[in-house]
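Visitor: Got a structure here, written out as structure tokens. Questions coming.
The values are calculated or read from the model by the stated rules, or taken from the named source; none is laboratory data. Predicted model, so just to flag it, every value in this text is computed and none were measured. Ideal geometry is used to build each Cβ from the backbone, glycine not excepted, and the neighbour counts take in all protein chains shown.
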2 protein chains.
Amino acid sequence: MIRTAYCGEITERYVGEEVTVQGWVQKRRDLGGLIFIDLRDREGIVQIVFDPKRNEEQWEIANECRGEYVLEIRGTVQKREKENPELKTGAVEIIASEIHILNRAKTTPIEITEETKVNDELRLKYRYLDLRRKPMYENLALRSKLTHSIREYMDQQGFIDIETPYMTKSTPEGARDYLVPSRVHEGHFYALPQSPQITKQLLMAAGFDRYYQIVRCFRDEDLRGDRQPEFTQVDLETSFLSAEQIQTLVEGMIQKAMRDVKGIEVTLPFPRMSYHEAMSRYGSDKPDTRFGMELIALNDVLKDIDFKVFADAIHNGGEVKAICAPQAANRYSRKDLDKIAEHLKQFGAKGLAWLKVDAEGVKGPVAKFFNEELQTSLLEATGAKEGDLLLFVADKKDVVAASLGALRLQLGEELGLIDHDAFNFLWIVDWPLLEFDEEANRYVAMHHPFTMPKAEDVELLASAPEKVHADAYDIVLNGYELGGGSLRIYQREVQEQMFTALGFTKEEAEEQFGFLLEAMDYGFPPHGGLAIGLDRFAMLLAGEDNIREVIAFPKNSKAMDVMTQAPSLVSPQQLEELALEVQTKEG
Amino acid sequence: MIRTAYCGEITERYVGEEVTVQGWVQKRRDLGGLIFIDLRDREGIVQIVFDPKRNEEQWEIANECRGEYVLEIRGTVQKREKENPELKTGAVEIIASEIHILNRAKTTPIEITEETKVNDELRLKYRYLDLRRKPMYENLALRSKLTHSIREYMDQQGFIDIETPYMTKSTPEGARDYLVPSRVHEGHFYALPQSPQITKQLLMAAGFDRYYQIVRCFRDEDLRGDRQPEFTQVDLETSFLSAEQIQTLVEGMIQKAMRDVKGIEVTLPFPRMSYHEAMSRYGSDKPDTRFGMELIALNDVLKDIDFKVFADAIHNGGEVKAICAPQAANRYSRKDLDKIAEHLKQFGAKGLAWLKVDAEGVKGPVAKFFNEELQTSLLEATGAKEGDLLLFVADKKDVVAASLGALRLQLGEELGLIDHDAFNFLWIVDWPLLEFDEEANRYVAMHHPFTMPKAEDVELLASAPEKVHADAYDIVLNGYELGGGSLRIYQREVQEQMFTALGFTKEEAEEQFGFLLEAMDYGFPPHGGLAIGLDRFAMLLAGEDNIREVIAFPKNSKAMDVMTQAPSLVSPQQLEELALEVQTKEG
């Protein structure tokens, strides 16, 4: 039998027609001798009625059906006596004339309901059941719509979709590689790519001019809520364009995607903010600009304060900053604030000072250090009003940023300052090229070793690397880094200087990246691009807070596929063919 | 400066306009004091003229340029005095007013010309230069157009693009897996997927109804011309459709692709041929139907022949078959035919008999066994005419098919019987489900262990597995297997019987595929699908004979990336983190 329409599509326009539907039993009820089956497919649910007086044999079969049985049903659509306004198909029902049980089902370990309270491990183990739930179908359909929209745009803009290898060379920069042992070349390994960065640059060297790919990337890192061992990025690269031109291209892509997927018209261009400004105003390089409550610099105001913690911070080249939480004075008890202070320790903050503003002035443990004059200038500088809560951190610059930045997000959520229907895109530009990694005791690339230093800063690469700015740009959405890009180095001398700044010897650079350096000898064009985290983009558009919700078969927090039990042991023969032995550590 | 148009787009409609172009120096000539530069980008070449009388400084820069320098040039388009009909832009030239050298180039190790005689290893080592050649750009642009066309079609047909994991579980069936050691779970391994077969079936269990993906697959096999360690397939799966409905869907996809990519209108439906008929008429399960010269069964005609080789073959349950090579009698000497016979040994053929047909009858070493009556019936059965060459193989059925099938292809090419502009699609249907693997001494799946046996044959699974036919279908193009598909098993009992037929114990089946069997308990819908080899499809559309020509960065015949030198040695630390030791075999 050939399906007439999806269950979820059987509406009033089918009344009087004979239809065939196929799907799963959502619910079976026996009411006054009639059997009602709610049949579900990916598009929705339709009600089907079996009347023993019309056809007893078919009624018997319907009577036997249980939840999640797979059925094929033919019948005639009629208007319902009592409409169900909650269903798209709620005005009609199908009077069944024929039913076939295509497959039976035991009681499922997960109920197929819109919301679920089932724990994540069980959801992952029975993912094929979890994915029957409407929100999961909708999330994955949204993701498909998103990639389709992006591909259409890239095609319209003359980009060529080129596949790059997944079995590549391991390089020491960046995160940890996943390795793939070679059977043919014993003791040698491929690496799964962390991104097709160098490959796409070589495509520019090949003259492709505009490349894109929606591509899987792999990082063997410790996992967090929004990280997976494998993730997907929208990867693009162009030749001969300026950073601004690339940003404009990407804005067009996002505008189309927002229109196609969410029906939302975003305003272009997106705001640009320098890295320095973002860190200083929001304590973050991916500021959530859906609300204010910015970090306020108070070194000037408090330069003469008698409070040793503040004075020391200022004196030692650090900062005192505050955020002003509007009308929050009565919402946070001393105990709450102690808990917050405790929480901020993970960002290095040794303490949290706070003041509540009331009609008479400021109150709180440190209020005594604020004489009237200081109170006035504090209230003026922070704009704090009666009922507001001021929270201070005094420390090294990066500690202040990290801790107040995190606190700002927490309070923004708790105080309901965030408009959850808003999509605030912005560009963070003017990044530092390098940052000093204390642990490694060397400079590391803020983005990656192929990022172009700003032309005017190239000569600082050797003398003052920390002062070099990059032609780099991140696109941020609602406090998430959606993607990052840059112009790339295309001149061999500059690339060599960059490797030197990163602590590579000439030999190491040659051994790891010799092919790239050599390519720069043969007419490498100026180029640049960007990569967008597709999982994260889809997650934000779907209103979810974990990328697992927009991935069909994600790994759990221990990088395991709970359903298939991967990774698994393999046969001794497989290891032997790869010339490998497992050396389990003791203990 | 912003590009006005690609070099290859500067035609007469730009005459009189000021344009900016960017690209690579294809050629620089000095003629009568003028410098002519042919500038190349991905769309083509345009001629640019530098006149020292107009601007000596710019002329000096142009004079310094060499092949593959990257330039940015502004100038005015004018009609050429002498048109170059070989170039799309041949009616015009650009009179340069401004030139910038964006990057310099040494002499390239590969010349950037349309045709190349450079060996494959050098082409792969300098792939970014090889890809600058026009045919390579066109191949990859064609591939991009092909995938875009397919995606559009799948979207129109309501398919959802869903990404499946690349880090999966290793299973013993099929080819050899590439493994990925886990760091978190010592001694455990992921496997790169040979195809997302089970995953897409689970998506059907999840109710997605129509899934597709253009997805990378991995097989650690010995390599051949049209094989790569990683390859790409167009993967699709549907629920509730018959095999014919799925074939019709795929035909629509191919029709659109042929129209979009080649401008060719193919006729639907494609012919269907049973596996048995294909083997019998063409000696191949992927027959090239662009020409005839079919295999002719001669057991009946020759059943009383006195030639021991033929008589024995017939007597022992084997076959005698021939192909009739039209007007080939004088094109192949006895020595040529000896060489062919030698070549056929690899297919198991112990010998090759042949007859040349002339005005008087048949000539050749075995002619003496053909009396007049036998000659008449032979010529009638084969349709051989004066000047034709008859080639016979007598042996076991599969040896006859393999050897004559290969010979047919060879002679078809040599005799010019093949129309290289034709695209002959056909479906091979009614496959056997299993074949007996002598080496493993057990049945193996002809497609894979999830292929549905024909309903009427299920009961033979236990008693006579070799007689079971499958609901499987391959799509063949010009003698290549373009793709294969089938209906899948969706009932647990049938899947268990299939595993038993394949020699799995209950425990082994449970351990490897327990999650799939369990899924069949919870309402698994009837489903089926297909996968098309994208590399091969693109190769055939591009008129190439090796898939490397349609892959940006392929591996060489030893599975190496010659450019980056992957696979490579990795650091001891990397191995230690994975608890692995390399045990190089002695010798």
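Visitor: With the requirement that a residue be among the hydrophobic types (A, V, I, L, M, F, W, C) and either out of contact with any strand residue (DSSP E or B) (no Cβ under 7 Å at 6 or more places or on another chain) or within 18 Å of residue A:567 (Cα to Cα) (or both), what does the stretch A:165-191 give you?
Guide: We begin by selecting, within the stretch A:165-191, every residue among the hydrophobic types (A, V, I, L, M, F, W, C); these are A:167, A:175, A:179-180, A:184, A:189, A:191.
Listed by number, the residues that qualify are A:175, A:179, A:180, A:184, A:191.
Visitor: Any idea which of B:479, B:543, B:514, B:503 is more than 12 Å from chain A (Cβ to nearest Cβ), more than 30 Å from residue B:255 (Cα to Cα) and surrounded by fewer than 21 Cβ atoms within 10 Å (Cβ to Cβ)?
Guide: Numbers: B:479 fails: more than 30 Å from residue B:255 (Cα to Cα); B:543 fails: more than 30 Å from residue B:255 (Cα to Cα); B:514 fails: more than 12 Å from chain A (Cβ to nearest Cβ).
Only one candidate passes the filter, namely B:503.
Visitor: Somewhere in the stretch B:555-571, is a residue touching a residue at least 12 places away in the same chain (Cβ under 8 Å), within 30 Å of residue B:407 (Cβ to Cβ) and within 14 Å of another protein chain (Cβ to nearest Cβ)?
Guide: Within the stretch B:555-571, one or more residues are touching a residue at least 12 places away in the same chain (Cβ under 8 Å), within 30 Å of residue B:407 (Cβ to Cβ) and within 14 Å of another protein chain (Cβ to nearest Cβ).
Visitor: Restricting the search to the stretch B:138-154, which residues are crowded, with 19+ Cβ neighbours inside 10 Å, of a type outside the set (Val, Ile, Thr) and facing chain A (nearest Cβ under 7 Å)?
Guide: Selection gives B:140, B:144, B:148, B:151.
Visitor: Could you grab me the full set of residues in the stretch A:572-587 that are facing chain B (nearest Cβ under 7 Å) and among the acidic types (Asp, Glu)?
Guide: A:581, the sole residue that qualifies.
Per-residue answers, yes or no, for (1) more than 9 Å from every other protein chain (Cβ to nearest Cβ); (2) under 20 Å from residue A:540 (Cβ atoms); (3) in contact (Cβ under 8 Å) with a residue 12 or more places away in the chain:
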site: A:194; (1), (2), (3): yes, no, yes
site: A:203; (1), (2), (3): no, no, yes
site: A:214; (1), (2), (3): no, yes, yes
site: A:278; (1), (2), (3): yes, yes, yes
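Visitor: Would you be able to tell me the number of residues in the stretch B:519-540 that are within 13 Å of chain A (Cβ to nearest Cβ) and outside any strand (DSSP E or B)?
Guide: Total satisfying the criteria: 10.
Visitor: Quick check on residue B:537: is it modelled with pLDDT of 95 or more, surrounded by fewer than 23 Cβ atoms within 10 Å (Cβ to Cβ) and among the hydrophobic types (A, V, I, L, M, F, W, C)? Outline the logic, then answer.
Guide: Numbers: modelled with pLDDT of 95 or more: yes; surrounded by fewer than 23 Cβ atoms within 10 Å (Cβ to Cβ): no; among the hydrophobic types (A, V, I, L, M, F, W, C): yes.
When the stated conditions are applied, residue B:537 does not pass them.
Visitor: Output the number of residues of the stretch A:282-328 satisfying the condition of being part of a loop (DSSP other than H, G, I, E, B) and under 11 Å from residue A:400 (Cβ atoms).
Guide: First, pick out the residues of the stretch A:282-328 that are part of a loop (DSSP other than H, G, I, E, B): A:283-295, A:298-307, A:316-318, A:326-328.
Restricting the remaining residues to those that are under 11 Å from residue A:400 (Cβ atoms) gives A:283, A:295, A:298-299, A:318.
Adding up the residues that qualify gives 5.
Visitor: Of everything in the stretch B:315-342, what is under 14 Å from residue B:399 (Cβ atoms) and either crowded, with 19+ Cβ neighbours inside 10 Å or of a type in the set (A, V, I, L, M, F, W, C) (or both)? Give them in sequence order.
Guide: Residues of the stretch B:315-342 under 14 Å from residue B:399 (Cβ atoms): B:316-321, B:341.
Across the stretch B:315-342, the qualifying residues are B:318, B:319, B:320, B:321, B:341.
Visitor: Another question about this same structure. Which of the strands (runs of 3 or more DSSP E) contained wholly in the stretch A:155-271 include at least 1 residues that are under 19 Å from the mean Cα position of the chain (by Cα) and buried (at least 22 other Cβ atoms within 10 Å of the Cβ)? Working first, answer last.
Guide: Working: elements: A:179-181, A:189-191, A:210-218, A:230-239.
Fully inside the stretch A:155-271 and qualifying: A:210-218, A:230-239.
Visitor: Let me ask you something else. Going residue by residue through the stretch A:234-250, is there one that turns out to be over 25 Å from residue B:5 (Cβ atoms), out of contact with any Phe, Trp or Tyr (no Cβ under 9 Å at 6 or more places or on another chain) and not polar (S, T, N, Q)? Talk me through it step by step, then tell me what you get.
Guide: Kept after step one, since they are over 25 Å from residue B:5 (Cβ atoms), are these residues of the stretch A:234-250: A:234-235.
Those left that are additionally out of contact with any Phe, Trp or Tyr (no Cβ under 9 Å at 6 or more places or on another chain): none.
No, every residue in the stretch A:234-250 fails to be over 25 Å from residue B:5 (Cβ atoms), out of contact with any Phe, Trp or Tyr (no Cβ under 9 Å at 6 or more places or on another chain) and not polar (S, T, N, Q).
Visitor: Sticking with this one: Which numbered condition in (1) crowded, with 17+ Cβ neighbours inside 10 Å; (2) over 28 Å from the mean Cα position of the chain (by Cα); (3) under 30 Å from residue A:420 (Cα atoms) is the only one that residue A:347 fails?
Guide: All conditions are met except number (2).
Visitor: If you don't mind, another one. When you check residue B:355 against the structure, is it more than 24 Å from residue B:315 (Cα to Cα) and among the aliphatic types (A, V, I, L, M), yes or no? Don't jump to the end; show me each part of the working.
Guide: Numbers: more than 24 Å from residue B:315 (Cα to Cα): no; among the aliphatic types (A, V, I, L, M): yes.
No.
Visitor: Restricting the search to the stretch A:169-191, which residues are within 7 Å of chain B (Cβ to nearest Cβ) and under 22 Å from residue B:184 (Cβ atoms)?
Guide: Residues of the stretch A:169-191 within 7 Å of chain B (Cβ to nearest Cβ): A:169-170, A:178-190.
The answer is A:170, A:178, A:179, A:180, A:181, A:189, A:190.
Visitor: So, in the stretch A:70-120, how many residues would count as being under 23 Å from residue A:138 (Cβ atoms) and of a type outside the set (A, V, I, L, M, F, W, C)?
Guide: Number of matching residues: 16.
Visitor: Could you tell me whether the stretch A:244-251 includes any residue that is more than 30 Å from residue B:102 (Cα to Cα) and free of Cβ contacts under 8 Å to residues at least 60 places away in the same chain? Walk me through it before giving the result.
Guide: First pass over the stretch A:244-251, keeping only residues more than 30 Å from residue B:102 (Cα to Cα): none.
No, every residue in the stretch A:244-251 fails to be more than 30 Å from residue B:102 (Cα to Cα) and free of Cβ contacts under 8 Å to residues at least 60 places away in the same chain.
Visitor: Scanning for something assigned to a helix (DSSP H, G or I) and under 16 Å from residue A:102 (Cβ atoms), does the stretch A:68-77 turn up at least one residue? Lay out the reasoning, then the answer.
Guide: Of the stretch A:68-77, the ones assigned to a helix (DSSP H, G or I) are none.
The answer is no, given that none of the residues of the stretch A:68-77 is assigned to a helix (DSSP H, G or I) and under 16 Å from residue A:102 (Cβ atoms).
Visitor: Looking only at the stretch A:89-131, filter to residues that are in contact (Cβ under 8 Å) with a residue 24 or more places away in the chain, part of a loop (DSSP other than H, G, I, E, B) and in contact with a helix residue (DSSP H, G or I) (Cβ under 6 Å, 6 or more places away or on another chain); which one of those is farthest from the other protein chains (Cβ to nearest Cβ)?
Guide: So, considering only residues that are in contact (Cβ under 8 Å) with a residue 24 or more places away in the chain, part of a loop (DSSP other than H, G, I, E, B) and in contact with a helix residue (DSSP H, G or I) (Cβ under 6 Å, 6 or more places away or on another chain), the one farthest from the other protein chains (Cβ to nearest Cβ) is A:91.
Visitor: Right, another one. Please count how many residues of the stretch A:11-44 are on the phi > 0 side of the Ramachandran plot, surrounded by fewer than 17 Cβ atoms within 10 Å (Cβ to Cβ) and either modelled with pLDDT under 95 or in a strand (DSSP E or B) (or both).
Guide: Residues flagged as on the phi > 0 side of the Ramachandran plot, surrounded by fewer than 17 Cβ atoms within 10 Å (Cβ to Cβ) and either modelled with pLDDT under 95 or in a strand (DSSP E or B) (or both) within the stretch A:11-44 amount to 2.
Visitor: Residue by residue through the stretch A:289-330, note down the ones that are within 19 Å of residue A:365 (Cα to Cα) and of a type in the set (Lys, Arg).
Guide: Of everything in the stretch A:289-330, those that are within 19 Å of residue A:365 (Cα to Cα) and of a type in the set (Lys, Arg) turn out to be A:308, A:321.
Visitor: Does residue A:282 satisfy the condition of being aromatic (Phe, Trp, Tyr), touching a residue at least 24 places away in the same chain (Cβ under 8 Å) and buried (at least 21 other Cβ atoms within 10 Å of the Cβ)?
Guide: Numbers: aromatic (Phe, Trp, Tyr): yes; touching a residue at least 24 places away in the same chain (Cβ under 8 Å): yes; buried (at least 21 other Cβ atoms within 10 Å of the Cβ): yes.
For residue A:282, the condition - aromatic (Phe, Trp, Tyr), touching a residue at least 24 places away in the same chain (Cβ under 8 Å) and buried (at least 21 other Cβ atoms within 10 Å of the Cβ) - is met.
Visitor: Residue B:166 - would you say it is among the hydroxyl-bearing types (Ser, Thr, Tyr), within 7 Å of chain A (Cβ to nearest Cβ) and without any contact (Cβ under 8 Å) to a residue 40 or more places away in the chain?
Guide: Details: among the hydroxyl-bearing types (Ser, Thr, Tyr): yes; within 7 Å of chain A (Cβ to nearest Cβ): yes; without any contact (Cβ under 8 Å) to a residue 40 or more places away in the chain: no.
Here the answer is no, as residue B:166 does not meet what is asked.
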